[in-house]
1. Quick one: if the Förster radius is 51 Å, what FRET efficiency do A:Thr134 and A:Arg22 give, using the C-beta to C-beta distance and rounding to 0.05?
2. What's the extension gain from A:Ile321 to A:Arg153 if we count 0.36 nm per residue and subtract their Cα-Cα distance?
3. Report, in debye and to the nearest 20, how large the dipole of the protein assembly as shown comes out about its Cα centre when Lys and Arg carry +1 and Asp and Glu carry -1 on their Cβ.
4. To the nearest 10 degrees, how steep is helix A:130-154 against the longest Cα principal axis of chain A, on a 0 to 90 scale?
5. Label-point separation (nm) for A:Thr286 and A:Leu367, each offset 7 Å from Cα along Cα-to-Cβ?
6. Identify, among B:Ala121, B:Leu206, B:Leu138, the residue whose Cα sits farthest towards the positive end of the charge dipole of segment B:3-216, taking +1 on the Cβ of Lys and Arg and -1 on the Cβ of Asp and Glu, with the dipole about the Cα centre.
7. Given labels modelled 7 Å from the Cα in the Cβ direction, how far is it in nm from B:His193 to B:Ala121?
8. Could you derive backbone 3J(HN,Hα) for segment A:333-349 from the dihedral phi with the Karplus parameters 6.51, -1.76 and 1.60 (θ = phi - 60°), listing whole Hz in sequence and x where the residue is Gly or Pro?
Amino acid sequence: MRGPNPLRVRRMLRKELRQIFRDPRMKRIIFVAPVIQLVVFGYAVNTDIRETPLFVVDHSSTAESRRLVDALTASGYFRVAGQSDRPDALTRALDRGTAIVGIQIPPDYAADLKAGRPAALQVLVDGTNSNTATVAQGNAARIIRGLAEERLRSGGASPPRGVDLRIRAWFNPDLASRVYNVPAVMGVILMLMSLLLTAMTVVREREIGTLEQLMVTPLGTGELILGKTLPVALIAMVQLALITGVAILWFGIPFRGSLPALLIAALIYIVAGLAFGLIISTVARTQQEALMVMFLFFLPAIILSGFMFPVFTMPPVFQWISLANPIRHFLEIVRPVFLKGYGVAELWPSYLWLLAIAGGAMASARLRLGGALR
Amino acid sequence: MRDAITVRDLTRRFGDFTAVDAVSFAVRAGEIFGFLGPNGAGKTTTIRMLTGLLAPSSGSATVAGLDVGTRADAVREVIGYMSQKFSLYGDLTVAENIELFAGLYGVTGARYDDRRAWVLAMAGLEDRTDRLTAELPLGWKQRLALGCAVLHEPAVLFLDEPTSGVDPLARRRFWDLIDGLSERGTTVLVSTHYMEEAEYCHRLALMNRGRLIALDSPSGLRGSLASAGSLRGSSDVGDMGDVGVRSSLEDVFVELVRREGGAVVG
């Protein structure tokens with residue numbers, strides 16, 4: 001085994017960069033994809049349930065009942081989408097989806113309150129989207145309970161004793177989904193780039209026949225891999241800087257951890273992506289095939305990564321499978337590094353997993369590539 | 001003089017199909033050695049094994065005294081290769097292609113300047129160094145590909161149907177270049193199915209169905225068949241023009257393949 005020849009690697013690197021930046025398709029992939037992803041996950045994908053459409057059927061029509069509706073809308077969690085004094089209007093609104101939550105206030109609501117009797121309220125929730133329903137229901141219950149306690153206090157009575165539950169969300173006090181999503185977008189983009197660019201540039205050479213021409217020169221498998229992956233790694237690192245900058249400066253995501261902790265994780269993670277890209281390039285004969293194989297790998301990897309659905313909610317089998325998923329481990333590093341200020345000391349198991357996956361994948365890529373060419 | 005290429009019982013099987021069947025021959029240093037045969041005869045497979053792109057199923061071969069099975073890395077340092085597929089980078093300029101392959105072959109410094117100038121002159125591309133290779137006419141591309149394959153002045157040059165698709169004039173010019181390389185001591189192994197190209201070769205190996213069915217100089221091949229009396233049409237091959245020579249070599253080729261085919265079938 002001879003070590004890589006620096007001249008050959010340098011020339012390959014220069015050639016790759018020239019080709020990548022001469023190809024308008026590649027340029028679009030490199031610069032447009034991260035922007036779209038950041039915009040989508042920074043703005044559009046919002047799991048905070050605000051401004052939930054509320055339908056009000058107020059049979060009471062008193063100052064008391066209006067105070068209740070005001071409390072709901074003043075919170076920002078609800079907006080009144082319609083109002084009627086007929087219950088079937090509420091049913092229709094829920095049917096049509098013009099309202100997600102309906103509230104029905106009985107005629108004797110104010111009277112009951114005045115008399116000190118427990119007042120009944122009906123809250124109807126559209127459960128089609130269980131996530132939205134749960135959150136909206138929780139919000140409504142919290143606001144109504146708050147209102148009731150306030151009434152008791154102003155009336156001189158002390159609130160009923162019992163457990164006083166006070167929930168505070170740490171690290172992301174507003175529970176803003178952006179804070180959680182934007183750092184994770186980094187994981188998606190870096191993986192997408194390193195997979196796509198590596199697989200495409202190798203398979204394209206196979207298609208054109210230049211790969212064969214390279215293999216009859218003294219260029220070794222290791223040198224070919226370095227020449228092919230270094231430019232992609234460089235591009236990925238530039239994107240890492242870009243996304244981190246946008247996350248912190250534009251979206252105001254707190255960065256509480258250390259830069260080295262992020263960089264080390266990103267480097268290992270990118271190597272894993274490059275290796276999987278190389279493996280794909282040995283399986284696929286054409287660029288279309290490479291694209292197909294890539295998404296076959298990429299989409300399940302995203303779903304099993306905890307990007308959208310937490311890993312701990314998955315059936316045990318899938319939790320086991322996801323241990324081999326580099327995206328999962330990177331997300332388990334990048335989110336706490338951003339939000340909790342963790343580093344290698346706290347997250348070392350994830351670093352080790354990433355390292356094992358990257359090393360294993362690169363070794364098998366080297367073997368497969370060497371075998372496929374000779 | 002030592003043989004530049006020796007091939008002994010070289011065989012390559014793909015599943016049940018034997019692409020190259022126990023082929024043996026030797027190529028002398030400085031020789032232009034032609035591989036002739038119909039499509040699928042095993043010419044390309046043989047060349048791929050000699051260049052280390054494909055492992056033989058059995059048999060052995062040496063190139064420039066190096067065993068292709070065990071010294072593949074060293075073999076790649078001393079050979080040049082150009083295939084029927086045009087295999088330079090179309091999205092790189094002429095100069096960038098030369099720079100890349102010079103780097104891969106370790107041609108640097110003053111030698112690089114010399115060789116670069118030589119390739120540009122040879123291909124007639126001195127004024128077009130900044131043109132994208134994809135924009136060049138095919139004949140020029142092929143001369144550039146040849147230039148990139150011999151940047152490092154290899155001892156042995158493999159050409160796999162290098163002139164397919166080029167017009168006769170460009171083809172003639174290409175063969176003049178090959179002649180020049182041979183005169184300076186480069187051994188050239190070239191496969192072709194153009195009969196008039198076979199005339200440029202010092203010796204010809206005829207391949208059919210993975211087997212070597214004849215090996216001789218062009219005149220020797222014509223003579224052997226003429227004396228056997230099986231050549232249809234003119235057997236007078238003395239001082240004929242180009243066309244006459246070509247047709248008779250073609251006759252030899254067709255006759256030999258027909259005999260071989262017959263022997264296999266019946």
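Each value in this text was obtained by applying a stated rule to the coordinates, not by laboratory testing. Everything quoted here is computed from the prediction, not taken from an experiment. Neighbour counts are summed over all protein chains in view; Cβ atoms, including those assigned to glycine, are modelled from backbone coordinates with ideal geometry.
1. 0.50
2. Contour length minus the Cα-Cα distance gives 55.1 nm.
3. With Lys and Arg at +1 and Asp and Glu at -1, about 1740 debye.
4. So the inclination is approximately 40 degrees.
5. Distance between the two pseudo-spin positions: 3.0 nm.
6. Highest projection toward the positive end goes to B:Leu206.
7. Distance between the two pseudo-spin positions: 3.8 nm.
8. 8, 5, 5, x, 4, 5, 8, 9, x, 6, x, 4, 4, 8, 10, 4, x
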